[in-house]
Amino acid sequence: MRRTFTTGLPMSADFTVRQGGALVLVAIVARLGVSAVAAYAIGYKVLYVATMAFYSVRQAASIHTAHLRGTGKDARREIGRQAILVSGTVGAVAAVLLCVAAPWIMAAFGTGPQVAHEGALFLRCVGPYLLLMACFIGLGGVFEGSGGAPALLRVTVLGTAVQLPLAYGLSGLGLPGVCLAMALSMAVQCAVVAVLFRRAGAFPADRVAGEERRPVDADEQEAAPAAARWRST
(Lines give C-alpha, C1' and ligand atoms only; values in the text may rest on other atoms or scores of the structure.)
Protein backbone atom coordinates (compact mmCIF):
# COMPACT_ATOMS: atom_id res chain seq x y z
CA MET A 1 0.00 0.00 0.00
CA ARG A 2 2.72 2.47 0.96
CA ARG A 3 4.74 1.67 -2.18
CA THR A 4 1.70 2.27 -4.39
CA PHE A 5 1.02 5.58 -2.64
CA THR A 6 4.60 6.87 -2.81
CA THR A 7 4.88 5.83 -6.45
CA GLY A 8 1.57 7.24 -7.63
CA LEU A 9 1.36 10.45 -5.60
CA PRO A 10 4.11 12.39 -7.45
CA MET A 11 2.65 11.30 -10.81
CA SER A 12 -0.85 12.50 -9.95
CA ALA A 13 0.51 15.66 -8.33
CA ASP A 14 2.45 16.47 -11.50
CA PHE A 15 -0.75 16.53 -13.55
CA THR A 16 -2.63 18.39 -10.81
CA VAL A 17 0.02 21.13 -10.59
CA ARG A 18 0.05 21.55 -14.37
CA GLN A 19 -3.73 21.84 -14.61
CA GLY A 20 -3.84 24.09 -11.55
CA GLY A 21 -1.43 26.43 -13.29
CA ALA A 22 -3.65 26.41 -16.38
CA LEU A 23 -6.62 27.35 -14.19
CA VAL A 24 -4.78 30.32 -12.70
CA LEU A 25 -3.78 31.29 -16.23
CA VAL A 26 -7.48 31.69 -17.04
CA ALA A 27 -7.69 34.39 -14.35
CA ILE A 28 -4.73 36.18 -15.94
CA VAL A 29 -6.27 35.95 -19.40
CA ALA A 30 -9.51 37.36 -17.97
CA ARG A 31 -7.72 40.70 -17.66
CA LEU A 32 -7.78 40.81 -21.48
CA GLY A 33 -11.55 40.64 -21.76
CA VAL A 34 -14.38 38.18 -22.29
CA SER A 35 -13.50 37.38 -25.90
CA ALA A 36 -9.93 36.54 -24.91
CA VAL A 37 -11.15 34.17 -22.19
CA ALA A 38 -13.49 32.43 -24.63
CA ALA A 39 -10.76 32.14 -27.26
CA TYR A 40 -8.24 30.81 -24.74
CA ALA A 41 -10.73 28.29 -23.34
CA ILE A 42 -11.57 26.90 -26.79
CA GLY A 43 -7.96 26.89 -27.92
CA TYR A 44 -6.74 25.14 -24.78
CA LYS A 45 -9.38 22.43 -25.17
CA VAL A 46 -8.22 21.90 -28.75
CA LEU A 47 -4.69 21.40 -27.42
CA TYR A 48 -5.93 18.42 -25.40
CA VAL A 49 -6.18 16.42 -28.63
CA ALA A 50 -2.42 16.72 -29.05
CA THR A 51 -1.42 16.55 -25.38
CA MET A 52 -3.25 13.27 -24.88
CA ALA A 53 -1.01 11.83 -27.60
CA PHE A 54 2.03 13.10 -25.66
CA TYR A 55 0.81 11.38 -22.51
CA SER A 56 0.38 8.12 -24.39
CA VAL A 57 4.06 8.33 -25.36
CA ARG A 58 4.89 9.03 -21.71
CA GLN A 59 2.99 5.92 -20.63
CA ALA A 60 4.74 3.79 -23.24
CA ALA A 61 8.16 5.09 -22.19
CA SER A 62 7.33 4.51 -18.52
CA ILE A 63 6.21 0.93 -19.09
CA HIS A 64 9.16 0.13 -21.34
CA THR A 65 11.66 1.62 -18.88
CA ALA A 66 10.20 -0.25 -15.91
CA HIS A 67 10.04 -3.51 -17.85
CA LEU A 68 13.68 -3.37 -18.92
CA ARG A 69 14.84 -2.34 -15.45
CA GLY A 70 12.99 -5.35 -14.09
CA THR A 71 15.18 -7.54 -16.28
CA GLY A 72 18.34 -5.79 -15.05
CA LYS A 73 18.83 -3.53 -18.10
CA ASP A 74 19.22 0.24 -17.87
CA ALA A 75 18.07 1.61 -21.23
CA ARG A 76 16.87 5.00 -20.02
CA ARG A 77 18.97 6.99 -22.45
CA GLU A 78 17.81 5.01 -25.48
CA ILE A 79 14.17 5.07 -24.41
CA GLY A 80 14.41 8.78 -23.62
CA ARG A 81 15.74 9.59 -27.07
CA GLN A 82 13.02 7.50 -28.69
CA ALA A 83 10.30 9.15 -26.58
CA ILE A 84 11.54 12.63 -27.49
CA LEU A 85 11.65 11.72 -31.18
CA VAL A 86 8.16 10.24 -31.28
CA SER A 87 6.48 12.81 -29.04
CA GLY A 88 8.39 15.70 -30.61
CA THR A 89 7.34 14.61 -34.08
CA VAL A 90 3.71 14.47 -33.00
CA GLY A 91 4.07 17.90 -31.41
CA ALA A 92 5.62 19.42 -34.52
CA VAL A 93 2.90 18.00 -36.78
CA ALA A 94 0.20 19.21 -34.38
CA ALA A 95 1.72 22.70 -34.24
CA VAL A 96 1.77 22.96 -38.02
CA LEU A 97 -1.78 21.66 -38.38
CA LEU A 98 -3.09 24.06 -35.74
CA CYS A 99 -1.32 26.98 -37.39
CA VAL A 100 -2.75 26.18 -40.81
CA ALA A 101 -6.24 25.14 -39.75
CA ALA A 102 -6.75 27.65 -36.92
CA PRO A 103 -9.50 29.71 -38.64
CA TRP A 104 -11.49 26.62 -39.58
CA ILE A 105 -11.10 25.12 -36.12
CA MET A 106 -12.51 28.24 -34.48
CA ALA A 107 -15.28 28.48 -37.08
CA ALA A 108 -16.33 24.94 -36.18
CA PHE A 109 -17.26 26.18 -32.69
CA GLY A 110 -19.60 28.82 -34.09
CA THR A 111 -17.85 31.68 -32.34
CA GLY A 112 -18.25 35.34 -33.16
CA PRO A 113 -15.70 37.21 -35.29
CA GLN A 114 -13.72 38.62 -32.34
CA VAL A 115 -13.45 35.31 -30.51
CA ALA A 116 -12.63 33.49 -33.73
CA HIS A 117 -9.86 35.97 -34.51
CA GLU A 118 -8.29 35.78 -31.06
CA GLY A 119 -8.66 32.00 -30.92
CA ALA A 120 -6.93 31.57 -34.28
CA LEU A 121 -4.15 33.88 -33.08
CA PHE A 122 -3.73 31.79 -29.95
CA LEU A 123 -3.56 28.51 -31.90
CA ARG A 124 -0.97 29.97 -34.26
CA CYS A 125 1.21 31.34 -31.45
CA VAL A 126 1.08 28.27 -29.21
CA GLY A 127 3.16 26.08 -31.55
CA PRO A 128 6.56 26.49 -29.78
CA TYR A 129 4.96 25.70 -26.43
CA LEU A 130 3.30 22.62 -27.89
CA LEU A 131 6.56 21.30 -29.34
CA LEU A 132 8.50 21.84 -26.10
CA MET A 133 5.70 20.32 -24.06
CA ALA A 134 5.70 17.24 -26.29
CA CYS A 135 9.40 16.62 -25.61
CA PHE A 136 9.02 17.26 -21.87
CA ILE A 137 6.03 14.98 -21.40
CA GLY A 138 7.48 12.20 -23.56
CA LEU A 139 10.80 12.21 -21.70
CA GLY A 140 8.94 12.27 -18.40
CA GLY A 141 7.94 8.66 -18.93
CA VAL A 142 11.55 7.59 -18.42
CA PHE A 143 11.59 9.36 -15.06
CA GLU A 144 8.32 7.81 -13.98
CA GLY A 145 9.38 4.32 -15.05
CA SER A 146 12.61 4.51 -13.08
CA GLY A 147 11.45 6.01 -9.79
CA GLY A 148 12.20 9.62 -10.76
CA ALA A 149 8.64 10.99 -10.60
CA PRO A 150 9.42 13.21 -7.55
CA ALA A 151 12.17 14.96 -9.53
CA LEU A 152 9.77 15.45 -12.43
CA LEU A 153 7.19 16.94 -10.08
CA ARG A 154 9.71 19.48 -8.79
CA VAL A 155 10.48 20.54 -12.35
CA THR A 156 6.77 20.98 -13.08
CA VAL A 157 6.34 23.10 -9.94
CA LEU A 158 9.30 25.23 -11.03
CA GLY A 159 7.84 25.66 -14.51
CA THR A 160 4.46 26.70 -13.12
CA ALA A 161 6.13 29.19 -10.76
CA VAL A 162 7.93 30.72 -13.75
CA GLN A 163 4.92 30.66 -16.07
CA LEU A 164 2.38 32.57 -14.01
CA PRO A 165 4.40 35.73 -13.26
CA LEU A 166 5.64 35.79 -16.84
CA ALA A 167 2.10 35.46 -18.17
CA TYR A 168 0.96 38.28 -15.91
CA GLY A 169 3.80 40.51 -17.06
CA LEU A 170 3.41 39.69 -20.75
CA SER A 171 -0.40 39.78 -20.79
CA GLY A 172 -0.15 43.33 -22.07
CA LEU A 173 0.76 41.80 -25.42
CA GLY A 174 -2.53 39.93 -25.48
CA LEU A 175 -2.82 36.19 -26.07
CA PRO A 176 0.51 36.12 -27.98
CA GLY A 177 2.17 37.35 -24.76
CA VAL A 178 0.51 34.57 -22.78
CA CYS A 179 1.72 32.04 -25.37
CA LEU A 180 5.22 33.46 -25.08
CA ALA A 181 5.13 33.03 -21.30
CA MET A 182 3.93 29.44 -21.71
CA ALA A 183 6.73 28.70 -24.18
CA LEU A 184 9.44 30.30 -22.01
CA SER A 185 8.35 28.41 -18.90
CA MET A 186 8.26 25.14 -20.82
CA ALA A 187 11.74 25.90 -22.20
CA VAL A 188 12.96 26.24 -18.59
CA GLN A 189 11.40 22.89 -17.72
CA CYS A 190 12.95 21.21 -20.74
CA ALA A 191 16.37 22.63 -19.90
CA VAL A 192 16.21 21.42 -16.29
CA VAL A 193 14.91 17.96 -17.15
CA ALA A 194 17.57 17.61 -19.86
CA VAL A 195 20.27 18.28 -17.26
CA LEU A 196 18.75 15.70 -14.93
CA PHE A 197 18.49 13.21 -17.75
CA ARG A 198 22.12 13.61 -18.79
CA ARG A 199 23.50 13.59 -15.28
CA ALA A 200 24.41 10.08 -14.24
CA GLY A 201 22.68 9.22 -11.02
CA ALA A 202 20.29 12.16 -11.21
CA PHE A 203 17.59 9.71 -10.24
CA PRO A 204 18.86 6.37 -8.94
CA ALA A 205 19.06 3.50 -11.40
CA ASP A 206 19.04 0.96 -8.60
CA ARG A 207 15.92 2.14 -6.81
CA VAL A 208 12.26 1.76 -7.62
CA ALA A 209 9.77 4.05 -5.85
CA GLY A 210 12.34 4.73 -3.11
CA GLU A 211 13.24 1.09 -2.43
CA GLU A 212 16.58 -0.42 -3.29
CA ARG A 213 16.78 -3.20 -5.83
CA ARG A 214 19.09 -6.10 -5.25
CA PRO A 215 20.39 -8.60 -7.77
CA VAL A 216 18.67 -11.96 -8.00
CA ASP A 217 21.10 -14.82 -7.56
CA ALA A 218 21.03 -18.13 -9.39
CA ASP A 219 19.37 -20.02 -6.52
CA GLU A 220 16.46 -17.57 -6.44
CA GLN A 221 16.07 -17.79 -10.21
CA GLU A 222 15.84 -21.57 -9.98
CA ALA A 223 13.44 -21.43 -7.04
CA ALA A 224 11.02 -18.97 -8.65
CA PRO A 225 9.39 -21.42 -11.12
CA ALA A 226 9.00 -24.00 -8.37
CA ALA A 227 7.36 -21.45 -6.10
CA ALA A 228 4.99 -20.43 -8.86
CA ARG A 229 3.98 -24.04 -9.47
CA TRP A 230 3.44 -24.55 -5.73
CA ARG A 231 1.15 -21.51 -5.51
CA SER A 232 -0.90 -22.73 -8.46
CA THR A 233 -1.67 -26.09 -6.82
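The values are calculated or read from the model by the stated rules, or taken from the named source; none is laboratory data. Here the structure is a predicted model, which means the values were calculated and not measured. Every residue, glycine as well, gets a Cβ built from its backbone with ideal geometry; the counts of neighbours run over all protein chains shown. Areas reflect the complete protein model, heavy atoms only, side chains present, ligands, DNA and RNA absent. Shrake-Rupley method; radii C 1.70, N 1.55, O 1.52, S 1.80 Å.
Before moving on, here are some points about what is shown:
- Between the stretch 1-67 and the stretch 94-120, the Cα center-to-center distance that results, in Å: 22 Å
- Charged-residue dipole, Cβ positions (Lys, Arg, Asp, Glu), the stretch 53-120 about Cα centre, Debye nearest 20: 420 debye
- Cα-projected label distance for Arg31 with Val100, points at 7 Å along beta-carbon direction, nm: 3.6 nm
- Listed values for the stretch 141-150 are Karplus-derived 3J(HN,Hα) couplings in whole Hz (6.51 cos²θ - 1.76 cosθ + 1.60, θ = phi - 60°), namely x, 5, 5, 5, x, 10, x, x, 4, x, and x replaces Gly and Pro.
- For Val93, solvent-accessible area (1.4 Å; no DNA, RNA or ligand), Å²: 80 Å²
- Nearest-10 value in Å² for the accessible area of Thr71, using the 1.4 Å probe: 80 Å²
- Per residue, the stretch 1-160 exposes an accessible area of 48 Å² to a 1.4 Å probe, with every protein chain left in place.
- Only protein heavy atoms count here; under a 1.4 Å probe, Ser12 has an accessible surface of about 60 Å².
- With each label modelled as a point 7 angstrom along the Cα→C-beta vector, the His67-Leu23 pair spans 3.6 nm.
- ³J(HN,Hα), Karplus 6.51/-1.76/1.60, whole Hz, each residue of the stretch 121-137, x for Gly, Pro: 5, 4, 5, 7, 8, 7, x, x, 4, 5, 5, 5, 5, 4, 5, 5, 5
- In order along the stretch 81-87, the phi-based Karplus estimate (6.51 cos²θ - 1.76 cosθ + 1.60, θ = phi - 60°) of 3J(HN,Hα) comes to 5, 5, 5, 5, 5, 5, 5 Hz; Gly and Pro are listed as x.
- Solvent-accessible area, 1.4 Å probe, carbon plus sulfur percent, for the stretch 1-160: 72 percent
- Annotation for Arg2 and Leu196: the two label points, set 7 Å from Cα along the Cα-Cβ direction, are 2.4 nm apart.
- Net charge contributed by nearby residues that have their C-beta within less than 13 Å of Ala83 (K/R +1, D/E -1): +2
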